[in-house]
Structure formats: structure tokens, C-alpha cells
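Taking it in order: structure first as C-alpha cells, then the write-up.
The values are calculated or read from the model by the stated rules, or taken from the named source; none is laboratory data. Keep in mind that what you see is a predicted model, and the values were worked out from it rather than measured. Positions of Cβ are backbone-derived with ideal geometry, glycine not excepted, and every protein chain shown enters the neighbour counts.
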There are 2 protein chains.
Amino acid sequence: MSNLNHTYKSWRLNKRPVGEIKNSDLSLVEENIPEINDNEVLARTIYFSLDPTNRIWMSDVDQYMEPVEIGDIMRAGGSIAVVEESKVNDVSVGDIIQGGMHGGWQDYFTVPGNDIIKLPKETGLPLTAFISVLGFTGPTAYFGLLDIGKPKKGETVVVSAAAGAVGSIVCQIAKIKECNVVAIAGSDEKCNWLKNELGVDTAINYKKQNILEALRLACPNGIDVYFDNVGGDTLDAALTLMNKFGRIPVCGLISMYNDWSSTGPKMYRNILMKTLTVTGFLVSDFTDQFEECLQTLGQWVAEEKIKYKVDVVEGIENAPTAVNKLFTGENQGKLVIQTSREP
Amino acid sequence: MSNLNHTYKSWRLNKRPVGEIKNSDLSLVEENIPEINDNEVLARTIYFSLDPTNRIWMSDVDQYMEPVEIGDIMRAGGSIAVVEESKVNDVSVGDIIQGGMHGGWQDYFTVPGNDIIKLPKETGLPLTAFISVLGFTGPTAYFGLLDIGKPKKGETVVVSAAAGAVGSIVCQIAKIKECNVVAIAGSDEKCNWLKNELGVDTAINYKKQNILEALRLACPNGIDVYFDNVGGDTLDAALTLMNKFGRIPVCGLISMYNDWSSTGPKMYRNILMKTLTVTGFLVSDFTDQFEECLQTLGQWVAEEKIKYKVDVVEGIENAPTAVNKLFTGENQGKLVIQTSREP
């Protein structure tokens, strides 16, 4: 092995959280790194992704994939790693790869040769671009807004959790499509960033403003697309103001993840009254179109039509604390844990 | 004028109902029939339609068209009438016409020449076919199931209010499309009709059975299309069992119409978890495809692939009492008021 570390650390699920995630719901376990087999690599994690959906996977609610089992390593929605040992043809020590479904909340992992996806080299972009705008969150924004939301020039697009990893990209794609973009976020700092840096037309601080009244002012022609990351009261306010034939891509319902007993939207009836289309989606359902999507996003990033922010928290030991920032609204942009240095 | 009647009767909205519709919420008013103008006809109503949406129009909740104003004649979702006096070229006394937006809860009305739609002659079908399966309710079933629900052969289609005017047609179209059809209704008599006459695979009496458990048994492969007429607990049960990429055409939410304060579905989260598409629709949004739809439905009726039932209540004075049958589940098939004899 190419380094002196013979152990690796991982966060394993101890018990299913009740309410917000507590450190005691997970255990940081240290174990020996296994010998790799033929056609496998050993990879050292550099970054792994923290996402609201971690909270779904920790629960045993009926969900879009299997929950993480008690005792298993916590699943990550993407990671970036460097190959430290390789028994795979064409993969060399030092190659940078995507962790895919193999790189969870852990600082080392093995990957079979067939599952290896190398990052492109010499792109001029920082590595963190490939765990944010060019990882999963950019494509989530892209497919959710364009394929499900189908915004037309001049329409009004409202985005909740707009300063988040997905929301901030949605806002900018909607501006590229020449829409009236209304961003909802939870602090003045986020609102200023959305307005001054990302160019949204209106930013609403939902912690300070009455969301329904603020949306009514920002959307004099009603709402055509509501890109939902949160559910709850914000969803109800948006439903109230939707135009006939409006579209609601459902990307997330973060306000519900800590307590599934909350009810559905009071204004559900407007799906009928305004003949809306509400569609849940997962980025993993669009793999056929991924390459085209990444090319377009990459070009927009290169042209500075899309900016992105990555909130890096150092140290694997901080993962359970850091993931709660997604629920309190403390983070801005894509939240990741850095577990080792970039090569 | 061609008859001795110089007055007509109409039900006018007195006040907005609280809970179920009471006779005192409307007034039966007798007034003089106005003289018709050039390019107008005077029509005598034979049948007018009673529909769950009457209850929406009586309320002032934000809705898909303007509510009926206090003092105005109650709007009907279709009527059939005979021309008694005509100042329109090509329209003769004795012609049978659709009331369109002109024939409300009233026994006479006038129609401008441009709005006249004559019924086809010598079809061999009873007149009531044209206020049910070949009126609005058949096309509602047709477009909602085929354009929104998009059922594929072998898929499971669940239909609520399945013995109703729309639901009963949905069930039969779904059988024509070779689906596993599960019908939900509120009496054993209705369930027997659905199973023995209309050929559904399973009929569930929701007043006797636990709806979630009964659906689970009837849908061993999950639900692909849930055609919703009711909302409420039935919607929650269906959401619980929906398959990935399931479709929910929202045709009605009758369980909510008497009390808008009820909350949305507790299982709303499954729109995300199962990547569902939930779409509200109105038959009036499909006028471009009406002719094709009526041809197909007409052929299915002629071939006896589609049967339909019309529940005729005689006497305009009974309209407010009769409309409540839609909410208590007393009626079966299309509910209409007959105000005068067929010619």
C-alpha cells in the first residue's frame, strides 16, 4: 500500500434519528482497510457530499431507495477520491474518481473496476465543482427545472431553499431562460447573494417576511413554476398563487424530513382548481441525458452564467453535526465534508 | 310563442352554503320569459346536469372559473333542451340542442345563434346519452384517463367514486385498455354493478372495508394510475401504494367540497418518494380533441363496450335536494334533473 495508514474511519448508523440528527445516532468506527482484490482499487476520499436526503436514508419511511440499515456505513450522495492502489487496467495511482455508490461517509473505500468513473483532467475547474454544479446537484437543478418545470421566457419561477446547492443553480438556469425569478431563502446574507451575485429578480427572507404576502408582491402575474425543495408553509403559499397549468417539480420536502407526521399542503385543492402538474423526480432517472446536461452546465460555468458556492467542512468527525446545517439553514451552496487533502 | 307558458322557473343562489347544500341556500324564482331578439332562440329545458362541481361554484373559494354570484341563476354542467321559438336561420322549432353555458338550473332559457349546438339526429341513442357518456362526463373520463393517466396494458388502475358518472366510464375505458381495474364505491349494490355489469376486476365498498388493506390486496403489483374523484383518506391510501412513476389524474376532490378547511394528503411525500405525477384537469381544456373523443366513445357505446347509467330525478323543484345525493353517495351513474318531457 502506498501510505502508512492501515485503518479507515466510517460513520455507521446506530439508530434511526427522532427529529434532528444527533451524534449518538451514528458511530465513528475505525477498522482495518481490506486488501483489494483483482480488478479493484483502493480510493482515499477527499470530499463527500452532505445532502438533505441523508435524513431520509436514516429513516425507515417508505422511500425512493432502500434506507441505510442499522450498522451500515452512512450513504453519501456523491464523493470524490484519489486512487491509492490499483489492480484495474487503465486506472493508476493518483487518478481522481467519483465515489458513486461506493464512497459513503468514510475516508477510504474500494471500488470494482466496472464502477470506476474518472474525473476529466485539466478542466481548469476546482475539484469541488465535480461534487456540486457538475456532480449531482447541478443536474438535479437542470432536469428538474427544464424537463419537469418547462419554464417559458417571461414566466415567473419561484424557488425555495434558493441559496442551497440545487436551488442556487435553478435560479440561474431560470434567469438564462429569461424568467422572472423569485428566490426564497432564510437570511439577509443569502438574499443579498441571490440578488447581487446570482441576479434573481426578487429574494425573499422567509424568516423575516410573511411568505404569502411577499410572494404576492413578487409575482404580480402569478406563479408558473414553483421548484419545491421544502414543502410545508412555503408550498402552501406557492399553491395559493399558482397560475392555470402551473408546474411544480418536487425536488425535496426538507421541512418534513425530521417529522413525517406533518400533513400535506392545505391548498392541495389548487392542483384541481388551477389544473396544476406536480411531479416528483430524482436525478438518477435522467442518466441517459447526463452527458448532454454536464456539457451544457460546464459551458455555462465557463461563461460565468452560472456561479456556485461550496461550503467545505473539514474532518470526517464533523459529518453528523454538519449535516444538520442543512436543516437549520446555516449553510449556503453545496455542503461537503473534506476528509483529506487534494493531491 | 308556441306554448301557453309565459313564465319560467329558475333556482337562484341565496347565500353560500355552509357544509351540505340546504334548500334555503337557493330560491326557486318564477319570472316572465323575455321576448327573444333577432338571432336568438327560446329553449325549453328537458334535462339539466347535477355535478359535484355545483358545490364548488356555490362557494367563493378560489376556483377554476368564477363562482356563481349571489342572486344569479345556478350554473349547470350541461343541459338538453328543445327549441320552442327561433329567430335563427337553420334552427327550427323542435330542434334539440345542448344548453352549453346558457342552460342553468332553469326550465326555459334563451341562446344566441352563435352558441347553438344541435344534437345529432337519429342516432338510435336515448337523449340522456348526450348529457352523460356523450355529454361532458364521458369525455372527462376519456381525457383524464388516457391523456393524463396514460395507462398501459397490464397496469393497475384504481378509480374512486367508481359508480359515478365519470368513474364508471373510467373503469370501462381502463378495461378496454386491458388494465387490472380496481373500483372503489360506497355500497354493495354499486360494487355488484361495477363487477358484474361493468367488468372491473375488484370492487371495494369503502364504507365496509378498510380502504388501505383492501387496496393492498387488490393491487399486489402496486398502483400505476389512481384516478381521483374524492381526495381524503382514499387519496392517502392510494398514495401509499403508488408505484414509481405512477400517475394521479385529479378529476375531483368531493370529500373536501363541503369543508375546505380539511388538510391535504398525509402521504403527499410519496409524490417525491415514488416520483409521481399528480395533474389536475378540466374537460374544457380538451375542446380541440372533443370530436375525436365523442366518435370513439360513441363507437364503444354502440359496441356495448361501454355501458352507462342515468339517474333521472323529475321536477326542477327537487334540484337542491337531489344534488346532495352526490355527496351522500345515494346516486349511481349520471345524475340529472328532468324539467319537461322529451318531444
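Tabulated data
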read-out	value
Hits in segment A:308-323 (condition: of a type outside the set (Phe, Trp, Tyr) and either buried (at least 18 other Cβ atoms within 10 Å of the Cβ) or closer than 14 Å to A:ILE131 by Cα (or both))	A:LYS309, A:VAL310, A:ASP311, A:VAL312, A:VAL313, A:ILE316, A:ALA319, A:PRO320, A:ALA322, A:VAL323
B:ARG247, sole failed condition from (1) closer than 30 Å to A:PRO52 by Cβ; (2) buried (at least 24 other Cβ atoms within 10 Å of the Cβ)	(2)
Failed criterion for A:THR296 (all others in (1) at pLDDT 95 or above; (2) more than 30 Å from B:TRP57 (Cα to Cα); (3) in a loop (DSSP other than H, G, I, E, B) hold)	(3)
Residue that is in the same structural domain as B:VAL182 (by TED's automatic domain parsing), at positive phi and modelled with pLDDT of 95 or more, where the choices are B:THR279, B:THR275	B:THR275
Failed condition for B:PRO67, given (1) within 14 Å of chain A (Cβ to nearest Cβ); (2) at pLDDT below 95; (3) over 26 Å from B:ILE116 (Cβ atoms)	(2)
Residue list for segment B:224-238, restricted to those being more than 9 Å from chain A (Cβ to nearest Cβ), over 17 Å from the mean Cα position of the chain (by Cα) and closer than 11 Å to B:VAL158 by Cβ	B:ASP224, B:VAL225, B:TYR226, B:THR234, B:ALA237, B:ALA238
Those residues of segment A:237-256 which are within 27 Å of A:GLY333 (Cβ to Cβ) and part of a helix (DSSP H, G or I), in sequence order	A:ALA237, A:ALA238, A:ILE254, A:SER255, A:MET256
Some residue of segment B:213-231 being surrounded by fewer than 22 Cβ atoms within 10 Å (Cβ to Cβ) and of a type in the set (Ser, Thr, Tyr)	no
Evaluation of B:ASP51 against (1) outside any strand (DSSP E or B); (2) within 30 Å of B:LYS121 (Cβ to Cβ); (3) more than 14 Å from chain A (Cβ to nearest Cβ) (one fails), failing number	(3)
Residues of segment B:291-320 satisfying the condition of being at positive phi and not assigned by TED's automatic domain parsing to the domain that holds B:TYR47	B:GLU304
Residue in segment B:153-165 that is exposed (fewer than 15 other Cβ atoms within 10 Å of the Cβ) and more than 30 Å from B:ARG216 (Cβ to Cβ) present	no
Conditions (1) within 10 Å of chain B (Cβ to nearest Cβ); (2) surrounded by fewer than 17 Cβ atoms within 10 Å (Cβ to Cβ); (3) of a type outside the set (A, V, I, L, M); (4) assigned to a helix (DSSP H, G or I); number of the one not met by A:ASN270	(2)
Residue check, A:ASP288 among the acidic types (Asp, Glu) and within 11 Å of another protein chain (Cβ to nearest Cβ)	no
Residues that are more than 28 Å from B:ASN196 (Cα to Cα), in a helix (DSSP H, G or I) and out of contact with any Asp or Glu (no Cβ under 9 Å at 6 or more places or on another chain), drawn from segment B:299-323	B:GLU317, B:ASN318, B:ALA319, B:THR321
Condition met for A:VAL283 (closer than 19 Å to A:VAL159 by Cβ, touching a helix residue (DSSP H, G or I) at 6+ places or on another chain (Cβ under 7 Å) and facing another protein chain (nearest Cβ under 9 Å))	no
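Yes or no, residue by residue, for (1) touching a residue at least 40 places away in the same chain (Cβ under 8 Å); (2) of a type in the set (Ser, Thr, Tyr); (3) over 30 Å from B:ALA237 (Cβ atoms):
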{"site": "A:PRO34", "(1), (2), (3)": "yes, no, yes"}
{"site": "A:LEU42", "(1), (2), (3)": "yes, no, yes"}
{"site": "A:PRO52", "(1), (2), (3)": "yes, no, no"}
{"site": "A:ILE56", "(1), (2), (3)": "yes, no, no"}
{"site": "A:TYR64", "(1), (2), (3)": "yes, yes, no"}
{"site": "A:GLY77", "(1), (2), (3)": "yes, no, yes"}
